[in-house]
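One structure is given here, and the rest of the page talks about it.
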Amino acid sequence: MLSMVCCIFCSIQTWAQHTITGTVKNAKEQPIVGATVIVKSQQDPLYYKGDITDQNGQFSITDIQSGKYDLEVSYIGYVKFFQELTLDKPIDIGEIILQENATELKEIVVTASLVKRFADKKEYRLTTLEKTQYSSALSALELLPKIQVLDQQVSSVDGKAVKILINGLPSTSADLSVIPTENISKIDYYTQPPIQYSNMGLGAVINVVTSEKQNGGSIGLNTQNALTTGFGNNVVNFKYNWGNSQVGVTYNINYRNYNKRVLNEDIAYTIDNKTYEKQKYGENSPYAYEQQLAQLSYNNSKTDNYLFSTKLSLNSLNRRRSSNQNIISRIDNIESQKLGYSSDKDKYISPVLDVYFSKAFYSRHEFIINLVGTYYKSDYDYQYLESANKQTLFNTATNININKYSVIGEALYNYKMKKSNLYIGTRYMYNNSTQINLPADNQILTNEIYSYAGVSGLWGDKFNYSISAGINNNIFTTIENETYKFIYFRPQIKLGYFIDQSSELALNYEVNTENPAVSSLTYNPYYKDPNYIFTGNPNLQPGNSHNLLLSFFKGVKKFVINTEVGYTYTKNNIAPIFESDNTNIIETFGNLDNAQNIKANLFLQWYPFPSNILRLRLYSEVFHIQNEWNNMRWEHTGYSIIPSIYLAYKKWGVQLFYQTEKKTLTGQIVKNVPSMASIEVSYNPVKNLTLTGGIRYPFYDSWKQVTSILGTSLLSRTEIDKIINNANMVYINLVYNIAFGKNKTGLKLKLQNKDNDSGILNRY
């Protein structure tokens, strides 16, 4: 009986859950914020738990089994602290004093010394100085190579989108804009998006890990508004935490209200043996929109155990623009003068429910599920008319009303092995889009099942790898009740080699699919000219691309260099095409025979002076695009150069930014990304408050976008869209963040799904 009691007692001891607490300080008895504290089991090397110290230097690691452990405390610029523990009851370590590492302190810069490399990502930590130099977590992302922040939006310098996570939670740049930099624990930077994100056209995935408040919360405000025209990006956020729960409220509004938009067009085509030519000279016309987001969120979590998160969002857009034009028209060289007027309005309202749950088992296993439901009610109105001598010569109007709802469900399983991670997942996406303003409703159904599996890890001390594969099963049912099925195999391989402590060489290969947007599958023709129609294509197929990328990264002391060479081959690439039915020129979407893109880019970042008061950045890119369709070929060689200078001194900051014009080719349409320049001066009068004044497009006459068509005998067209209001635009930016309460560690999510397709026919 006694032996049985002892066994029971030992068993209870073994499985009892305990807590380790303590405080981390430096030699001056000052708390160290953001230090990493980890306990590792001596019996099971895969079992570990950790925490990050809060603003008081305190940490708390909960739910630890009885046993023998190694305690490790680390922070950049300090010698690591080690201690062996025998845990059979809760332990308060007390104060842990970290000693400065003189050698390491010399290397404290925003480069390799602050970067930890993993098989699939790089981990960045900000110095105390850097946290004072940036107004919010959003602006701090500019520390990352090839990341650009403009108008409260994050993108890659090559123009690709960036997926934002905060503590792993699906988030937006607006969320980042109201988080103070002092709350940043680390930034995980995935330059090669994991396979679950690989078909989203992303340039990177960024996860900002913060120290939230255990009991308390935060209030954040970020406003950017022009003084010279109608331009604004504004967000306000409130979060409150109690125990394991957090509730948050966010409101974001972006608006434009211009009165000097000018649209010029040159167009020529031949129909039924008649040649039509027009020069359209635009007058000052209005362009405006309001885009709003209201969001309520609730999270409940227990570190290293479970996480439940739900978000209810309401998105809306109201956009309108018009153009008055003087027209010189020629039909078979017979000239006449006309007046032209065009207008288009589109709006939508979209509620979204996002539910996320993750559960960890024994620190090795993790199961994640994400469910997103989205509804779009969209309206689009278009009108075009031509007149002469107060008589209407041509008048057309298009009205589209769409009801669309979608469901996205994804499940993911992770298994952590000694030197690698195994993951298996599947995602299902369903779209139902109905145009309700027709005599007979047009319905489009899309179904996609994407299943994937992969493994990533380290091989020895020099090699890292990530190998995965997925299968896409796409089913489209068009408005003509035709059903199309497509199956694609999607492998992804990344092989990396650590040349030395600061250098890495990586080779990436992946296969992606590009599904046509529901809006592109909708027919809905409208007239750009009396004999020129723009419409969707219900018979589009998914595009399938093969991507190969070789990259080199080196970060040494105060200098970073990152260079890439890549090649992409796409079969059935979705792009605008031009046809004729002998009555009209028809512009629509089609599948190219193939599209090829060869590119090379170089990123440089240099801190030439101590304390990182000056940062110099340069990104340059050159590329060649070749598209083929119906025995026709179109080619374009382009480039982009983006230099920037950032100077920080005490409470002041100055930033100079310039971006050259970049022309790209899609199908046979050449369209430019306009050049842009800005000058900003910032001032931090008190803690958590930053005031910035700037000028956008100095010495410009307008923001100008040029669209032209290459190599077709059917049509010649050049469109110049100018917004004069943007020239010499003066704006102010106010960022204020305040937090109250006690810190807690961040959460870790791995999935993010979202439906951005409103169903309205794409315009460009």
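From the residues in the stretch 571-594 that are out of contact with any Pro (no Cβ under 8 Å at 6 or more places or on another chain) and free of Cβ contacts under 8 Å to residues at least 40 places away in the same chain, which one is surrounded by the fewest Cβ atoms within 10 Å (Cβ to Cβ)? Here the answer is ASP581. If I ask for residues that are over 17 Å from ASN512 (Cα atoms) and part of a strand (DSSP E or B), which ones from the stretch 574-597 would you list? Of everything in the stretch 574-597, those that are over 17 Å from ASN512 (Cα atoms) and part of a strand (DSSP E or B) turn out to be PRO576, ILE577, PHE578, GLU579, SER580, ILE585, ILE586, GLU587, THR588, PHE589, GLY590. Of the residues making up the stretch 690-705, one or more are in contact (Cβ under 8 Å) with a residue 12 or more places away in the chain, under 23 Å from SER177 (Cβ atoms), over 24 Å from the mean Cα position of the chain (by Cα) and surrounded by fewer than 15 Cβ atoms within 10 Å (Cβ to Cβ). SER420 fulfils the conditions (1) surrounded by fewer than 18 Cβ atoms within 10 Å (Cβ to Cβ); (2) of a type in the set (Gly, Ala, Ser); (3) within 30 Å of SER316 (Cβ to Cβ) except for a single criterion, (3).
In the stretch 83-130, the qualifying residues are those that are outside any strand (DSSP E or B) and modelled with pLDDT of 75 or more, and the one that is surrounded by the most Cβ atoms within 10 Å (Cβ to Cβ) is LEU126. Among the residues of the stretch 341-365, just one is in contact with a strand residue (DSSP E or B) (Cβ under 8 Å, 6 or more places away or on another chain), of a type outside the set (Gly, Ala, Ser) and not in a strand (DSSP E or B), namely ARG364.
When we screen ILE720, ILE679, ILE709 for residues that are under 24 Å from ASN257 (Cα atoms) and either over 25 Å from the mean Cα position of the chain (by Cα) or not aliphatic (A, V, I, L, M) (or both), the only hit is ILE720. Scanning the stretch 511-519 for residues that are over 24 Å from TYR423 (Cα atoms), at pLDDT 85 or above and not β-branched (Val, Ile, Thr) turns up at least one hit.
Examine the stretch 554-568 for a residue that is small (Gly, Ala, Ser), touching a Leu at 6+ places or on another chain (Cβ under 7 Å), buried (at least 17 other Cβ atoms within 10 Å of the Cβ) and part of a strand (DSSP E or B), and state whether such a residue exists. Within the stretch 554-568, one or more residues are small (Gly, Ala, Ser), touching a Leu at 6+ places or on another chain (Cβ under 7 Å), buried (at least 17 other Cβ atoms within 10 Å of the Cβ) and part of a strand (DSSP E or B). If LYS485 meets every condition in (1) modelled with pLDDT of 90 or more; (2) under 27 Å from the mean Cα position of the chain (by Cα) apart from one, which number is that one? Among (1) modelled with pLDDT of 90 or more; (2) under 27 Å from the mean Cα position of the chain (by Cα), LYS485 violates only (2). Within the stretch 491-509, can you find the residues that are in a strand (DSSP E or B), of a type outside the set (Ser, Thr, Tyr), over 12 Å from TYR465 (Cα atoms) and modelled with pLDDT under 90? Hits for the stretch 491-509 are ILE499, ASP500, GLU504.
The set of residues in the stretch 318-330 that are within 23 Å of the chain's Cα centre (by Cα) and surrounded by 18 or more Cβ atoms within 10 Å (Cβ to Cβ) is empty. The residues listed here are ASP461, ASP381; of these, the one that is assigned to a strand (DSSP E or B), more than 25 Å from the chain's Cα centre (by Cα), surrounded by fewer than 17 Cβ atoms within 10 Å (Cβ to Cβ) and not basic (Lys, Arg) is ASP381. Only residues that are touching a Pro at 6+ places or on another chain (Cβ under 8 Å) and either charged (D, E, K, R) or farther than 30 Å from VAL235 by Cα (or both): list them for the stretch 306-358, please. If the condition is that a residue be touching a Pro at 6+ places or on another chain (Cβ under 8 Å) and either charged (D, E, K, R) or farther than 30 Å from VAL235 by Cα (or both), then LYS311, ARG320, ARG321, ASP354 are the ones that fit.
Kindly indicate whether any position in the stretch 423-432 is touching a residue at least 24 places away in the same chain (Cβ under 8 Å), surrounded by 15 or more Cβ atoms within 10 Å (Cβ to Cβ) and under 30 Å from ARG320 (Cβ atoms). Yes, the stretch 423-432 has at least one match.
Taking the stretch 656-725 as the region of interest, none of the strands (runs of 3 or more DSSP E) fully inside it holds 1 or more residues being modelled with pLDDT under 90 and of a type in the set (D, E, K, R).
The values are calculated or read from the model by the stated rules, or taken from the named source; none is laboratory data. Since the structure is predicted, the reported quantities are computational estimates derived from the model, not experimental observations. Using ideal geometry, Cβ is built from the backbone for each residue, glycine included, and neighbour counts are taken over all protein chains shown.
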